[in-house]
Amino acid sequence: MRTQAIIRRTLRVPRVDGEPGDGAAVARQLDIALVKVGFTAARDLLEHVSGLAPAAATGLAREVVDAVRELVGAHVEHNSYFINFPNRVPDTVEFWAKCLREALAPAERGRWRKRVPTDDELRARLGAGVDLLSLPRYGRYQHTFAELLAAHDELVALGAERITVVHLGDSLDAETSALYVALAGSTTPLGEVDLELLAELARLCPSTELPDVPVRENKAVINAVRLAGGRPLIGVDTVADVLRVACQASGGDVTLQQTSRFRRFRRPERRVLMAALNSVTGGKLGDVARHREPLKRLGEGLHPHEYPAYPHAQEVFAVARGERTVRSLAARAELAFAAGDVVRAAEVLGSAPAMFMRSLDRLLRSCATESEVDSVADVAALVLDSVSGRVLCSVREHLATRTGTGGARVFPTRSRRAWVTQDTRDPLPRAAVDRITSLIDAELIDRLPAYEHLVVDPAVLDVAIPLSGKATEDGFAVLPRGSRTRVDGSVLRMFTYWRQTRERTDFDLGALLLDDHFGYLGHVSWTNTKDGLITYSGDVTEAPSGATEFIDIPLGSVSAAHIVPQVSVYAGEGFDEVAESMFGWMTREPAQRGAPFEPRTVRTRSGMRGAGRVALPVMFSRDASGAWTATWLHLYLNGSPTFRQLESNRMSTALLVRNLLRRRYFTIGYLVTLLRAKAGKVTLWRDQDRFDAPVVFLGLHRPDGLPAGSTAITTENLNLLVPR
């Protein structure tokens with residue numbers, strides 16, 4: 001399983017130190033199997049498999065195929081409710097009437113046929129109300145997956161299918177260690193799946209030296225493993241650092257956003273945690289008030305009085321219990337703001353550089369004179385070199401939107417929720433914004449590496465810099481929130497799959513159709529199976545063995561300017577409770593035919609693990625030339641607990657996506673302009689390009705044929721672009 005995890009995360013196959021032999025036949029079979037799911041093996045990978053004995057080669061080939069099949073969602077069966085989808089899908093009312101007629105028809109007796117209910121009988125039943133779930137045919141597959149495949153022609157290859165290269169890596173131990181170092185050294189917080197992988201790798205690589213762990217959440221995951229092994233914690237310099245470790249070690253929330261229930265710690269573990277708290281200097285006690293309640297509960301389990309050798313740790317709990325008062329830095333800054341002394345507020349916040357940068361908008365809005373603006377800018381110039389690259393990029397992105405008036409503010413949260421409100425703030429002076437952004441750009445350029453030859457795939461220029469793993473999901477070809485990518489192909493087919501854990505669970509895939517001004521034009525969902533040529537595959541209302549719903553969209557026939565797919569939890573378990581859930585889309589041409597789900601036509605597959613009841617993974621928009629673009633959202637709405645319908649939240653959804661689409665993000669395209677200041681050479685990549693010397697390649701996927709020694713920065717490691 002470790003091998004498959006590495007393949008899915010890096011598209012690199014660890015070398016096998018197996019018995020040599022003739023595995024050429026297995027290598028050919030591997031390449032054929034990979035092509036069927038939209039992948040191909042790099043030449044060195046095929047040569048490696050060919051050089052192994054057949055048994056070893058077969059074992060490795062199975063690992064590779066299983067890993068990439070799961071990556072695109074082909075490890076499960078994707079059945080469609082209507083067996084001939086997207087053809088011969090009935091109208092909604094027509095289908096409901098058919099289900100009702102069959103339910104009202106009496107059982108056959110002997111050779112008598114079923115009696116078809118009259119229209120009057122149907123109207124009477126409908127007038128009394130009908131529970132669709134009570135109808136035998138509704139919401140339950142009427143055919144097997146094998147019968148579905150038999151009803152469809154084979155996919156016709158036209159040469160436009162996705163082909164992703166799988167490369168040969170180093171040994172399993174070396175690849176494991178390298179991935180551990182890469183995840184631990186990430187300059188941005190990791191997503192849930194990567195945090196779980198980091199914890200597993202930390203257990204597997206206890207002796208691996210880590211040069212630096214810049215993100216506190218990532219550090220807490222590693223320290224929780226060290227705590228379990230009785231080893232001292234590393235890099236702890238705030239009270240919150242220790243609290244995160246305790247939460248992670250208890251199976252709680254390492255982000256400290258949710259309440260965690262602490263487990264009972266063993267005495268050696270209590271000693272390690274107390275020693276870590278004792279190492280926090282007294283100047284950090286002002287942070288205790290922010291986490292007063294969880295610290296009080298932690299103290300109840302650590303028994304601080306048993307450790308007189310750790311007086312500073314005992315002070316932490318004294319402050320948490322209210323026995324000692326320490327004014328926080330934020331409180332001292334608030335006193336300065338309340339007194340109208342913005343210069344003093346800037347000086348106070350300057351002792352916490354990251355907090356100063358996050359307060360920069362407020363500081364500039366509070367300035368009444370040019371002299372005060374100069375003072376704030378001077379403090380900014382002093383603290384910039386102490387602020388993480390992630391915060392600098394985030395502030396740079398924010399300031400770029402703050403010179404205009406009006407509009408709306410969108411607040412995406414760390415839990416992938418979002419809300420919109422009118423922006424009533426005064427705009428910032430353009431001169432002040434230009435001055436600060438120039439300082440930030442200069443600092444970023446200073447930290448960015450000087451590449452000798454940077455090769456950039458133009459397809460990656462509109463991808464947003466991943467400032468947090470919380471703004472994306474696990475999956476294949478998934479991009480951070482705000483990223484835009486071109487949609488190629490005549491037919492767009494979206495799909496969602498889920499498998500329930502315990503109770504009956506009904507997910508519903510729908511699509512909202514909006515005009516140029518984000519006004520409602522129509523929708524497709526279980527309440528409306530067709531809108532023009534846009535077709536819904538049918539409502540599946542339970543998924544003990546998994547279920548899939550599709551929506552087929554011939555893009556050339558669509559009058560809408562925007563298409564917003566959403567997945568709603570109609571009943572049962574949420575996205576973070578089901579055994580498995582995913583969303584994705586395929587593109588193909590009408591002449592290709594094929595089954596409803598064809599792995600090699602999958603362009604992206606994203607997990608869904610948010611806490612809301614409505615998922616908004618992405619939206620599709622058409623520009624003036626008629627070309628379609630996908631913009632990633634990665635958001636979840638609360639929605640009603642049960643019986644959710646797309647129509648009920650169409651206004652709020654339209655308002656949210658309109659403002660998210662208009663938002664300006666810090667993109668790779670802008671970062672490339674900064675990289676040009678230091679790079680020896682920058683080339684825009686074309687398929688036929690070949691290079692004689694090693695290059696740094698920046699694109700969505702690593703192409704085959706890069707010179708030995710080249711570095712590839714792709715969707716799997718985009719966080720490498722964020723400076724430390």
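The values are calculated or read from the model by the stated rules, or taken from the named source; none is laboratory data. Not measured: the values here are computed from a predicted model. Cβ sites come from the backbone with ideal geometry, for glycine too, and all protein chains shown count toward neighbours.
Confirm whether L46 is over 22 Å from L204 (Cβ atoms) and surrounded by 22 or more Cβ atoms within 10 Å (Cβ to Cβ). Answer is no for this residue.
Report yes if some residue within region 534-543 is touching a helix residue (DSSP H, G or I) at 6+ places or on another chain (Cβ under 9 Å), in a strand (DSSP E or B) and crowded, with 20+ Cβ neighbours inside 10 Å; otherwise report no. Yes; the residues of region 534-543 include at least one that is touching a helix residue (DSSP H, G or I) at 6+ places or on another chain (Cβ under 9 Å), in a strand (DSSP E or B) and crowded, with 20+ Cβ neighbours inside 10 Å. Checking each residue in region 409-433 for being surrounded by 15 or more Cβ atoms within 10 Å (Cβ to Cβ) and aliphatic (A, V, I, L, M) picks out V410, A418, V420, L428, A432, V433.
Of the candidates A408, A442, the single residue that is at pLDDT below 90 and either assigned by TED's automatic domain parsing to the domain that holds N638 or over 22 Å from the mean Cα position of the chain (by Cα) (or both) is A408.
Beta carbons closer than 8 Å, at least 6 apart along the sequence or on distinct chains, never pair a first residue in region 520-535 that is at positive phi and hydroxyl-bearing (S, T, Y) with a second that is in a strand (DSSP E or B) and surrounded by fewer than 20 Cβ atoms within 10 Å (Cβ to Cβ).
Residues checked against (1) more than 30 Å from P458 (Cβ to Cβ); (2) not acidic (D, E):
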| position | (1), (2) |
| --- | --- |
| K470 | no, yes |
| E473 | no, no |
| L479 | no, yes |
| G482 | no, yes |
| R502 | yes, yes |
| A511 | no, yes |
| L521 | yes, yes |
| D539 | yes, no |
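Looking across E549, E577, E573, one residue alone is under 26 Å from the mean Cα position of the chain (by Cα), assigned to a strand (DSSP E or B) and either touching a residue at least 60 places away in the same chain (Cβ under 8 Å) or under 12 Å from R493 (Cα atoms) (or both). It is E549.
Tell me, yes or no, whether region 522-530 has at least one residue that is surrounded by fewer than 23 Cβ atoms within 10 Å (Cβ to Cβ), assigned by TED's automatic domain parsing to the domain that holds T629, modelled with pLDDT under 95 and of a type in the set (F, W, Y). No; the residues of region 522-530 include none that is surrounded by fewer than 23 Cβ atoms within 10 Å (Cβ to Cβ), assigned by TED's automatic domain parsing to the domain that holds T629, modelled with pLDDT under 95 and of a type in the set (F, W, Y). Within region 307-332, the residues that satisfy the criterion of being without any contact (Cβ under 8 Å) to a residue 60 or more places away in the chain, surrounded by 12 or more Cβ atoms within 10 Å (Cβ to Cβ) and assigned to a helix (DSSP H, G or I) are H312, A313, Q314, E315, F317, A318, V319, A320, L329, A330, A331, R332. For A624, the criteria (1) at pLDDT below 85; (2) surrounded by fewer than 21 Cβ atoms within 10 Å (Cβ to Cβ) hold in every case but one, which is (1). Taken together, the criteria place D385 among residues that are loosely packed, with under 15 Cβ neighbours inside 10 Å, not aliphatic (A, V, I, L, M) and not in a loop (DSSP other than H, G, I, E, B).
Yes/no matrix, rows are residues, columns are (1) surrounded by fewer than 20 Cβ atoms within 10 Å (Cβ to Cβ); (2) among the β-branched types (V, I, T); (3) touching a Leu at 6+ places or on another chain (Cβ under 6 Å):
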position: A571; (1), (2), (3): yes, no, no
position: A579; (1), (2), (3): yes, no, no
position: M586; (1), (2), (3): no, no, no
position: R603; (1), (2), (3): no, no, no
position: G610; (1), (2), (3): no, no, no
position: T629; (1), (2), (3): yes, yes, no
position: N659; (1), (2), (3): yes, no, no
position: T673; (1), (2), (3): yes, yes, no
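I'd like to know if region 286-303 contains one or more residues that are surrounded by fewer than 19 Cβ atoms within 10 Å (Cβ to Cβ) and aliphatic (A, V, I, L, M). Within region 286-303, one or more residues are surrounded by fewer than 19 Cβ atoms within 10 Å (Cβ to Cβ) and aliphatic (A, V, I, L, M).
Counted as qualifying within region 130-241 are the helices (runs of 4 or more DSSP H) with 1 or more residues that are closer than 30 Å to E598 by Cβ and out of contact with any helix residue (DSSP H, G or I) (no Cβ under 7 Å at 6 or more places or on another chain), namely 145-150, 192-204. Just wondering, is there one or more residues in region 53-62 that are at pLDDT 95 or above, under 30 Å from H152 (Cβ atoms) and surrounded by 17 or more Cβ atoms within 10 Å (Cβ to Cβ)? Yes, some residue in region 53-62 is at pLDDT 95 or above, under 30 Å from H152 (Cβ atoms) and surrounded by 17 or more Cβ atoms within 10 Å (Cβ to Cβ).
Every residue, every condition in (1) of a type in the set (S, T, N, Q); (2) in a helix (DSSP H, G or I); (3) within 25 Å of the chain's Cα centre (by Cα), yes or no:
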| residue | (1), (2), (3) |
| --- | --- |
| A25 | no, yes, no |
| I32 | no, yes, no |
| V35 | no, yes, no |
| D44 | no, yes, no |
| V49 | no, yes, no |
| G59 | no, yes, no |
| A67 | no, yes, yes |
| G73 | no, no, yes |
| H78 | no, no, yes |
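All of D31, D91, D119 fail the test of being acidic (D, E) and either modelled with pLDDT of 95 or more or assigned by TED's automatic domain parsing to the domain that holds R8 (or both), apart from D31. Per this entry, E192 is counted among residues that are acidic (D, E) and surrounded by 14 or more Cβ atoms within 10 Å (Cβ to Cβ).
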